[in-house]
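To start, the structure under review is shown below, and the notes come after it.
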Amino acid sequence: MFSRRYKLTLPIFYRDHGDFKYLNKEFLKVWGEVPNVLSNITFETEIGLATLNIDWEDNYISKIKGKLINFYTIEDYFNGIVPEEYIREIGEHEHIELSCQINIENYELDLMNERGKRILFYYIENIFMQIFLAMNLSTPGSFSAFSYELKSKGDLDIYSFSSSDFESAWIDSIKEGWPLIERIELNKTWNWIKGLNLGYRQIAENCIERALFSILTICKGTSINPNQLIWNAIALEALYGTPKSQITRLLVDRVSRFLGLPENGRGCFKKKIRDFYDLRSRFVHGELDLTHPLGNNVLDPRIFDNDGFVLKNAGFGFCIVIATLQKMIKNHWKTLKLKEKNK
């Protein structure tokens, strides 16, 4: 058996949004589950059966819990409520090294040369992308690897992925009252992810993989972009299997029946689904007013309204995607099989 230890530098977890401070309690719960669920991961590779041991307890969890327990909002900061010593403490722990050991049985490659080491780390990085999905489908917004600084020092793709869209979706769900997004036990979500047998797949081969890869693509973006409309639409169409004809009507019907619309907002939410898909169609057919790539709001303040309109609709689509996947996880479903109502 071949064994190698790595030090993986990750940014310490922090809240992207100041709204709904009580979500910290949910983040504390999921990070409390991490050592029991995500410390020993076995997976297949092209070079042999691998086991990844992750030492989450080595300062990492404690630092995250400390940050969440002592969380202050942006408003607190500007109002002078945040203690100076707390600001210094946070500044000292922006990045933490996570100890990982990978073991390979019956390996068929020279793992000691540079190529072998690089391939091993690719597998580790791929597992962390599955951890990213599991954590954020379990407790939306709870794990982010995004870091400009770390990205500038190396070529690891994980530093491009943010959980901000997940957290925004949960906050919007609470504010709007639909669709329902909540916290799911990490163990249940991780078992669902493992049951999909994603392995080291790099090209989606079925509907659920298309939806998950679309989510990852959205989370890799760092700015407001109409492309988010497309990726959300791809995820929804992959999950709900909508045909090419009458797609808007059928999508509204299927989403409404699967997620269940509240009686007092049925018409409003159906309209929001139609508005989302209409905006997607306008973008695809070149009818959407596009923001200049520089996006200078000093030259034209209308950018705020234009970008906000796109972000609001894309965010609503993302809410539906996450709520759909969470319901599938809770029911141990890998696909949706929806029949049309009898006319």
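The values are calculated or read from the model by the stated rules, or taken from the named source; none is laboratory data. From a predicted model like this one, the values you see are computed outputs, not experimental measurements. Positions of Cβ are generated from backbone atoms using ideal geometry, with glycine treated the same way; all protein chains shown enter the neighbour counts.
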In the stretch 265-314, anything among the small types (Gly, Ala, Ser), touching a residue at least 24 places away in the same chain (Cβ under 8 Å) and farther than 18 Å from ASN225 by Cβ is listed as GLY265
Pick out the one residue from ILE193, ILE203 that is of a type in the set (Val, Ile, Thr) and outside any helix (DSSP H, G or I).
ILE203
Find all pairs meeting these conditions: Cβ atoms under 7 angstrom apart; at least six residues apart or on different chains; first residue within the stretch 27-49 and within 17 Å of PHE2 (Cβ to Cβ); second residue modelled with pLDDT of 90 or more and among the charged types (D, E, K, R).
none
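Would you mind finding the one in ASN331, ASN232 that is under 21 Å from PRO140 (Cα atoms), exposed (fewer than 11 other Cβ atoms within 10 Å of the Cβ) and out of contact with any strand residue (DSSP E or B) (no Cβ under 7 Å at 6 or more places or on another chain)?
Exactly one residue qualifies, and that residue is ASN331.
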Of all the residues that make up the stretch 260-272, how many are closer than 16 Å to LYS327 by Cα and buried (at least 16 other Cβ atoms within 10 Å of the Cβ)?
1
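What number of residues within the stretch 130-155 are buried (at least 19 other Cβ atoms within 10 Å of the Cβ) and either part of a helix (DSSP H, G or I) or over 11 Å from the mean Cα position of the chain (by Cα) (or both)?
Of the residues in that region, 10 qualify.
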For the stretch 273-285, indicate whether the set of residues that are modelled with pLDDT under 95, charged (D, E, K, R) and crowded, with 20+ Cβ neighbours inside 10 Å is non-empty.
yes
Identify, from the list LYS244, LYS220, LYS175, LYS194, the residue that is of a type in the set (Lys, Arg) and closer than 21 Å to MET328 by Cβ.
LYS194
Regarding LEU216, is this residue in a helix (DSSP H, G or I), at pLDDT below 95 and out of contact with any helix residue (DSSP H, G or I) (no Cβ under 6 Å at 6 or more places or on another chain)?
no
From the list ILE158, ILE184, ILE208, ILE230, which one is within 17 Å of the chain's Cα centre (by Cα), farther than 19 Å from HIS17 by Cβ and not in a helix (DSSP H, G or I)?
ILE184
